[in-house]
Amino acid sequence: MSTATEKEDNDTLSNLPPFYDNLHKTYITSLASKIDKPTSYEGAVMEHLRMSGVYWSITALSLIRSPQEVDELMGLTTTPTTSQDDKRPSIVDWVFACYDKDSGGFGGNIGHDGHLLYTLSALQILAIANKLDDERLNVEKVSQFIAQLQQPDGSFAGDGWGEIDTRFSYCALSALAILQKLPSPEETDGIVDVKKAAEYVASCKNFDGGFGCVPGAESHAGQIFCCVGALSIAQSLHLLDADLLSWWLAERQCDSGGLNGRPEKQADVCYSWWILSALSILGKVPWISTDKLGGFILQCQDEEDGGIADRPGNMPDVFHTFFGIAGLSLIGYLNRVRIDGEEDEEERRVYRKIDPVYALPTDVVERLGLSGQIMSRDVGKSKEEDEINERLKMYCVLKDKDEKKGLS
Amino acid sequence: MHGQERKKYKARFNDPKISAALAQKALQWNALSKELLIRRKRLSPPSIAPSSSPPSTGSKSSGSTSKITGSAAETLKIVDKVLVVNPDPSHLWNHRRELLLQEKVNNKEDSDNTDDGNNNASDSVEEKDPSFQIRDELNLTAACLKRNPKTYSAWYHRKWSIRHWISLGCPKEGQESGNGGGEELLMSELGLCAEFLALDERNFHCWNYRRFVVAAIAAVANSGDDYDRETLSSRSLALDGSWSWTATSNNADDDASSTLEILMGPQLAAVTGKKIDGINDAPSSSYVSDKKRNELLALEWNFTKEKILKNFSNCSAFHYRSKLLPLELNRRIQENLGTATSLADVYEERLDLSQEELELVQNAIFTEPDDQTAWWYHRFVVTWASPITILKKNMEEDEDDKSAIIQAYLALLQDEADPIRDLIATEEEDGSGCKWGLLALHMILENIIKLSSLSEGDEDDEMLREEADECLEKLIRIDPVRATRYESMKQKYC
């Protein structure tokens, strides 16, 4: 990239709001005390998915602060510094309090039933906290909980009550990988049949190349992330039509620069993650304009209180804050964008990166040695691509069909 | 909070009246929520000393000395209350299902107070344990869905309830088991789907539920007159919402003839149990008659058409239609051709059907060329109409037949290309350009070029490639955001 283009970029970036680093940090760290109040309406409504809420806040903060800072600020492994009540348990302690012995999985909150969604969130939190070796984690039991949910056709139910959804395929494979219990696709006798899991996901393919909740359900960007992520973890990307799907995903970019989840729907910041991560795995991020996307995300920030909303002018929440920050991280914006309040270029914070397959900081994925598959690796076309390739460097590459045929 | 305008929302929350009301609601919710966890033995009841000790872990509170109060019926009432307020928590639905499925307490054992000898029940008669009534579950989930039409858990409970009801033999109101039938209730469920889709035609939960209901109708078919309780019960255990219907595959690896495609997959896990021949086995899911299946297919085929004609932007309807298309083809092949099927005859059916579908989308793409919805379906149909896969699998076919097939497809492609070229020209005159038209034309040209490699085509490949390249150049100009993709498509012609 020439210096002229870089200057252009900087000019464009300077017309946009800065990244409100400090405000977001405050937003995230003050959430817990707000939401855990018994008078908190938001807390009540979101009570059942608190485990995921904690995962979103921890991971979002982890992208903009170091592991030590996150631990101190959020009380990940010890009582938080921001807590007035020094009897508040650490987050890790609270995670274990949510363990449902009857099912073997983790619930969304204390006393709730084990479910794949919250089991994954719990394991993701423990991974970030580096507490997967905590003696309270019964790896065998949790693995069995997950394994028992696989159906003969390779699909996964969310819990014993039997709801089937491709989201659960992703949760199962990712959770087992984090537990270091995921068999290889070739294994016929593993605790889950990874090959069948991948084939099931592939059977959800639609006329537009996308994926839905079950075979027959329409394509939706959120489900697509889950399916592409699952296929990546299962080393089975060859089962999808990468070109068609990437094109469908690229057409989600609206005039505003934001991405929608399906045709004729409104742009929403959370799709910055679902779609961007899928495109990263497929090696097709250049098929959208990352500049315009970055601009859209920055405009969704709450410049008063921090946090990021689903679209400009709306109320932020931790879900969109996480996906907005993750999106900015994935396109390498955090290291280029203007930071609010920052004067000195040299003192510029170095942000951690997010992994598009596991939705965890890359240093965590590396520490755990998690594996996945990506479509291809184009080198040197753009800064953003290099950025993404850098964070995917540990993954196996499935050669593009064309490359294989020697037609490129 | 999703979709809330910031200034308004903050103003509301800063309003002390509103803030107090919401705080009150939160307190009420938390109290009921805790109460339910205690009744379910997921939390210890509060100890006598008013301490702020942290809640117990998730283990059952065995050894607790406090009395766990409340009958199942009472608990169910509380569950009802909280679910209507917030239907999202799946554990609440789990609790409900447990209560509905639990073994009934023998009321007679406890009734020594109630009979005063005159067969008059006293005021303190025990409430009967809750029994499963489909009407209750349908009413409850409907109330929840009216407030929040996108709640996974509520839709799931509705499906679970329908299956449970079928497994009991489709009991009538007030009964606990039934003698089959049930189609009437299921047809009215389709009516509910139509209502919800009228409010939001893109609600994928509702579309999925509709497909589930169709599978349920197939499951109870023929279970009224010729009722066999055991068969119905087994069918219901296998009822998972999937359609194991025979369809004509376009998959290169499959047999050229009809093959089973699980076009609509399971939405609930099938309860493991006795496997009945012909239910799960592919391809002979023979318990549903062809007549019934064709009835249901026609119902859905017409429903999607209705939706599309009402609004061309209905992506969900087009998607559903893309799944029904191979089933419809199969039906036509069976009906029109019977068993004597030549490749050319089979292909003609495919072509005819494709052309009908293309007529359907043409209205859309020429009326609203900037709306991408119909163009995606257009692309699908043009590709689906291609005989290339079938020809590759049948290389030993008669040369004349093969040639006729290729010519027929070529004609379809030309018929598509010309009006699109006109459309592009018109849009260019207006200055706006026609992105989707250009993409479609490019796709058609690619298909023509591919075909000429199969036949000794007298198509001028060079001219076509130039025209295709020109499409890409124009696209790069009018849709610069996706320029990288268009560049990569150019490379295919190097």
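Quick notes on this structure:
Yes/no per residue for (1) within 14 Å of chain B (Cβ to nearest Cβ); (2) touching a residue at least 12 places away in the same chain (Cβ under 8 Å); (3) in contact with a Pro (Cβ under 7 Å, 6 or more places away or on another chain):
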{"site": "A:Asp193", "(1), (2), (3)": "no, yes, no"}
{"site": "A:Ala197", "(1), (2), (3)": "yes, yes, no"}
{"site": "A:Ser203", "(1), (2), (3)": "yes, yes, yes"}
{"site": "A:Pro215", "(1), (2), (3)": "yes, yes, no"}
{"site": "A:Ala221", "(1), (2), (3)": "yes, yes, no"}
{"site": "A:Ile224", "(1), (2), (3)": "yes, yes, no"}
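- Answer residue from the stretch A:229-274, given it is touching a residue at least 60 places away in the same chain (Cβ under 8 Å) and of a type in the set (Gly, Ala, Ser) and is nearest to B:Ser488 (Cα to Cα) among those: A:Ala242
- Residue-level analysis places A:Tyr395 outside the set of residues that are surrounded by 13 or more Cβ atoms within 10 Å (Cβ to Cβ) and modelled with pLDDT of 85 or more.
- Criterion applied to A:Asp100, A:Asp193 was being out of contact with any helix residue (DSSP H, G or I) (no Cβ under 7 Å at 6 or more places or on another chain), closer than 24 Å to A:Met46 by Cβ and of a type outside the set (Gly, Ala, Ser), and the one residue passing it is A:Asp100.
- The residues listed here are A:Ser277, A:Ser246; of these, the one that is over 30 Å from A:Lys34 (Cα atoms), at pLDDT 95 or above and in contact with a strand residue (DSSP E or B) (Cβ under 9 Å, 6 or more places away or on another chain) is A:Ser277.
- Residues that are buried (at least 23 other Cβ atoms within 10 Å of the Cβ) and of a type in the set (S, T, N, Q) do occur in the stretch A:263-274, at least one of them.
- Filtered by the rule that a residue be on the phi > 0 side of the Ramachandran plot and within 11 Å of another protein chain (Cβ to nearest Cβ), the stretch A:235-282 gives A:Gly257, A:Glu264.
- Filtered by the rule that a residue be surrounded by 24 or more Cβ atoms within 10 Å (Cβ to Cβ), among the small types (Gly, Ala, Ser) and farther than 25 Å from A:Leu370 by Cα, the stretch A:172-211 gives a lone residue, A:Gly210.
- Test: residue in the stretch A:47-54 that is in the same structural domain as A:Asp165 (by TED's automatic domain parsing), in contact (Cβ under 8 Å) with a residue 24 or more places away in the chain and hydroxyl-bearing (Ser, Thr, Tyr): no
- For the stretch A:151-172, residues that are more than 10 Å from chain B (Cβ to nearest Cβ) and on the phi < 0 side of the Ramachandran plot total 5.
- Cross-chain or 6+ apart pairs with Cβ under 6 Å, the stretch A:122-138 first and within 11 Å of A:Phe106 (Cβ to Cβ), then surrounded by fewer than 19 Cβ atoms within 10 Å (Cβ to Cβ): A:Leu126/A:Leu132
- Filter result for A:Glu140 (surrounded by fewer than 21 Cβ atoms within 10 Å (Cβ to Cβ) and either among the acidic types (Asp, Glu) or within 18 Å of the chain's Cα centre (by Cα) (or both)): yes
- Test for A:Asp310: is it within 9 Å of chain B (Cβ to nearest Cβ), touching a residue at least 40 places away in the same chain (Cβ under 8 Å) and among the acidic types (Asp, Glu): yes
- Some residue of the stretch B:379-388 being part of a helix (DSSP H, G or I) and of a type in the set (Ser, Thr, Tyr): yes
- Note on the stretch B:197-215: residues that are more than 8 Å from the chain's Cα centre (by Cα), touching a residue at least 24 places away in the same chain (Cβ under 8 Å) and more than 9 Å from every other protein chain (Cβ to nearest Cβ) amount to 8.
- Residue within the stretch A:289-296 that is closer than 24 Å to A:Leu31 by Cβ and of a type in the set (A, V, I, L, M, F, W, C) present: yes
- Hits in the stretch A:287-307 (condition: of a type in the set (Gly, Ala, Ser) and out of contact with any strand residue (DSSP E or B) (no Cβ under 8 Å at 6 or more places or on another chain)): A:Gly294, A:Gly295, A:Gly306
- Cβ-Cβ under 9 Å pairs, at least 6 apart or on other chains, the stretch A:177-190 side farther than 17 Å from A:Gly154 by Cβ and not assigned by TED's automatic domain parsing to the domain that holds A:Ser371, far side at pLDDT 90 or above and of a type in the set (Phe, Trp, Tyr): A:Ile178/A:Tyr358
- If you go through the stretch A:262-274 and pick out every residue that is in a loop (DSSP other than H, G, I, E, B), touching a strand residue (DSSP E or B) at 6+ places or on another chain (Cβ under 9 Å) and farther than 15 Å from A:Leu16 by Cβ, you end up with 2.
Yes/no per residue for (1) outside any loop (DSSP other than H, G, I, E, B); (2) closer than 30 Å to B:Asn394 by Cα; (3) at pLDDT 55 or above; (4) at the interface with chain A (Cβ under 9 Å from one of its Cβ atoms):
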| site | (1), (2), (3), (4) |
| --- | --- |
| B:Arg235 | yes, no, yes, no |
| B:Asn251 | no, yes, yes, no |
| B:Thr259 | yes, yes, no, no |
| B:Ala270 | no, no, yes, yes |
| B:Gly273 | no, no, no, no |
| B:Ile276 | no, no, no, no |
| B:Ser286 | no, yes, no, no |
| B:Lys292 | yes, no, yes, no |
| B:Leu296 | yes, no, yes, no |
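- A:Ile339, sole failed condition from (1) away from every other protein chain (no Cβ under 14 Å); (2) touching an Asp or Glu at 6+ places or on another chain (Cβ under 6 Å); (3) of a type outside the set (S, T, N, Q); (4) crowded, with 21+ Cβ neighbours inside 10 Å: (4)
- Filtering the stretch A:64-84 to residues that are surrounded by 22 or more Cβ atoms within 10 Å (Cβ to Cβ) and either part of a helix (DSSP H, G or I) or of a type in the set (Asp, Glu) (or both) leaves A:Ile64, A:Val70, A:Asp71, A:Met74.
- Condition met for A:Ala359 (within 30 Å of A:Glu47 (Cβ to Cβ), under 11 Å from the mean Cα position of the chain (by Cα) and more than 12 Å from chain B (Cβ to nearest Cβ)): yes
- Of the numbered criteria (1) within 14 Å of chain A (Cβ to nearest Cβ); (2) touching a helix residue (DSSP H, G or I) at 6+ places or on another chain (Cβ under 8 Å), the one B:Pro480 fails is (2).
The values are calculated or read from the model by the stated rules, or taken from the named source; none is laboratory data. All values derive from a computational prediction rather than experimental measurement. In this analysis, Cβ positions are derived from the backbone assuming ideal geometry, glycine residues included, and neighbour counts consider all displayed protein chains.
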